[in-house]
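Report on the following structure.
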Ligand code: TNX
């Protein structure tokens, strides 16, 4: 090869490394485009300078908008503990003086949509603008990752809070970027759910789907049917004491999520997966008898007696109370694995339940089996196993939420040695969790049919935050990126570097992640596999 060819090859490869955004950022940082952001933004322009957060800064917010002020408070709560700075949130009607942080609305760039933002860091300050407060919150997630990992510490860190300068313009690929947490098989208290919400906020998820009822437990207080929780909530898989959220606790979860622009999607699974309800109220069952509470892990053996009127009264009361405490757009009605409900009973049941949900003004989501029924327009079919079901939904003109168990179920083990998790769908290593595209995954489901992506964490084998961490990390951030970033910008090799660079954050936050050898971890050797 001639020297000139060689040097142009070298040039080309450095260019490729450059566009893949390798994460060789030195500290203090100088190159915004080399930052290891997850999800990878739509566009990053670096201008090679630096800006330092200082103790005398404030967070200025556009005056007269509560949601913007809330975003300012949220940012202050992220920056405060580690910096120790007393960051005041101040309303202003004009841009603030130099050297400050400024959050404001700007709807001129229509392509940004509701959640897009422009984050401009110059040597004279931080300007974050978005058409909506949701976008400001997404921009805050970016700013957080641009700061040194020590920003995640809950105690004051004596370091220089340096940022590289430039402009990030960013917006999501999918409208719905969700994560499901099963609080039915094992119950997780409010503070654990809040922590999960924090994880989601870090990676720009915008939906938390709570699986609130199943055979093993009923987890949400329903005032008109109190035994659902006093009896149905009293145990869990393995026979532990279970638990439930009072309506006030549920509202706290909803509010905590709302501040982070995450919508809670509550699920009541029916007509199957209902043993806890049947154990609480015998009249919901065929023989008027209550079965024993169930603490095993089998699926598909229970059903509401769909031919009884009282069952519809029950559904109406439950959905009515749930809708009243749920400000979000959706109610999830389950509908999966109703193996003991004859199809001739299942279909009219789903159709009646749809009407009940519709009367509350909410949009219906159901697992893919619901597509056997005649769906009301606007319903969302959550694809988890059966392409045929999802296509049935599409043929009826509704959209699909992509949660293929073989890719998106993070209750699956990483490999056969994983200490917890199931493997009925697949073993899902970190690269396999990342390396798929919802828009090409299943024949007959194309980009336009897809509302979004959701990962699911079923809880048969997990009992506490440590277990959640182990299965969610490091796979969870990947779904954030699949949902947010354009498919053409996603690349496993590059992602693996950016994920590895999150390691310090995981450790400072005390996240007990699985140290997969597929990930290009940062400088430190990963902690031993527990
Ligand atoms: C299938 S996914 C289920 C759940 C289990 C899960 C375990 C779906 C709609 N149903 O009931 O918890 O597998 O991976």
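Return yes when residue 315 is touching a strand residue (DSSP E or B) at 6+ places or on another chain (Cβ under 9 Å) and away from the ligand (no atom under 16 Å from the Cβ) and no when it is not.
Yes: the conditions hold for residue 315.
So, in the range 474-489, of the ones that are touching a helix residue (DSSP H, G or I) at 6+ places or on another chain (Cβ under 6 Å) and outside any helix (DSSP H, G or I), which residue ends up farthest from the ligand (Cβ to nearest atom)?
Taking the candidates together, the pick is 474.
Going residue by residue through the range 414-423, is there one that turns out to be more than 12 Å from the ligand (Cβ to nearest atom), in contact with a strand residue (DSSP E or B) (Cβ under 7 Å, 6 or more places away or on another chain), modelled with pLDDT of 95 or more and within 30 Å of residue 519 (Cα to Cα)?
no
Matching residues to (1) more than 30 Å from residue 247 (Cα to Cα); (2) touching a residue at least 60 places away in the same chain (Cβ under 8 Å); (3) over 19 Å from the mean Cα position of the chain (by Cα):
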residue	(1), (2), (3)
334	no, yes, no
380	no, yes, no
385	yes, no, yes
402	no, no, no
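Do the conditions hold for residue 400, that is, is it within 13 Å of the ligand (Cβ to nearest atom), modelled with pLDDT of 95 or more, surrounded by 19 or more Cβ atoms within 10 Å (Cβ to Cβ) and part of a strand (DSSP E or B)?
No: the conditions fail for residue 400.
Among the candidates 487, 459, single out the residue that is touching a residue at least 12 places away in the same chain (Cβ under 8 Å) and either surrounded by fewer than 23 Cβ atoms within 10 Å (Cβ to Cβ) or under 17 Å from residue 201 (Cα atoms) (or both).
487
With the condition kept exactly as written, say whether any residue in the range 447-456 is buried (at least 23 other Cβ atoms within 10 Å of the Cβ) and assigned to a loop (DSSP other than H, G, I, E, B).
The answer is no; no qualifying residue exists.
Given the residues 350, 394, which is the only one that is in contact with a strand residue (DSSP E or B) (Cβ under 8 Å, 6 or more places away or on another chain) and within 16 Å of the ligand (Cβ to nearest atom)?
350
Step by step: first the residues of the range 295-311, then only those that are assigned to a loop (DSSP other than H, G, I, E, B) and surrounded by 21 or more Cβ atoms within 10 Å (Cβ to Cβ), then the one that is farthest from the chain's Cα centre (by Cα). Which residue is that?
Step by step, filter the range 295-311, then rank; the result is 306.
Scan the strands (runs of 3 or more DSSP E) fully inside the range 120-182 and keep the ones with 2 or more residues being within 22 Å of the chain's Cα centre (by Cα).
Qualifying strands (runs of 3 or more DSSP E): 161-170, 176-182.
Residues in the range 127-141: is at least one out of contact with any helix residue (DSSP H, G or I) (no Cβ under 6 Å at 6 or more places or on another chain), buried (at least 16 other Cβ atoms within 10 Å of the Cβ) and either farther than 21 Å from residue 206 by Cα or without any contact (Cβ under 8 Å) to a residue 12 or more places away in the chain (or both)?
Checking the range 127-141: at least one residue is out of contact with any helix residue (DSSP H, G or I) (no Cβ under 6 Å at 6 or more places or on another chain), buried (at least 16 other Cβ atoms within 10 Å of the Cβ) and either farther than 21 Å from residue 206 by Cα or without any contact (Cβ under 8 Å) to a residue 12 or more places away in the chain (or both).
Which ones in the range 425-440 are within 16 Å of the ligand (Cβ to nearest atom) and either in contact with a helix residue (DSSP H, G or I) (Cβ under 8 Å, 6 or more places away or on another chain) or assigned to a helix (DSSP H, G or I) (or both)? Please lay out each step first, then the result.
Taking the range 425-440 as the starting set, the residues that turn out to be within 16 Å of the ligand (Cβ to nearest atom) are 425-428, 432-433.
Across the range 425-440, the qualifying residues are 425, 426, 428, 432, 433.
Pick out, from the range 312-393, the strands (runs of 3 or more DSSP E) lying fully within it that include 1 or more residues that are under 28 Å from residue 286 (Cα atoms).
Qualifying strands (runs of 3 or more DSSP E): 330-334, 363-367.
The values are calculated or read from the model by the stated rules, or taken from the named source; none is laboratory data. Note that the coordinates shown come from a computational prediction; the quantities given were computed from them, not determined experimentally. Note that each Cβ is placed from the backbone with ideal geometry, even for glycine, and that neighbours are counted across all protein chains shown.
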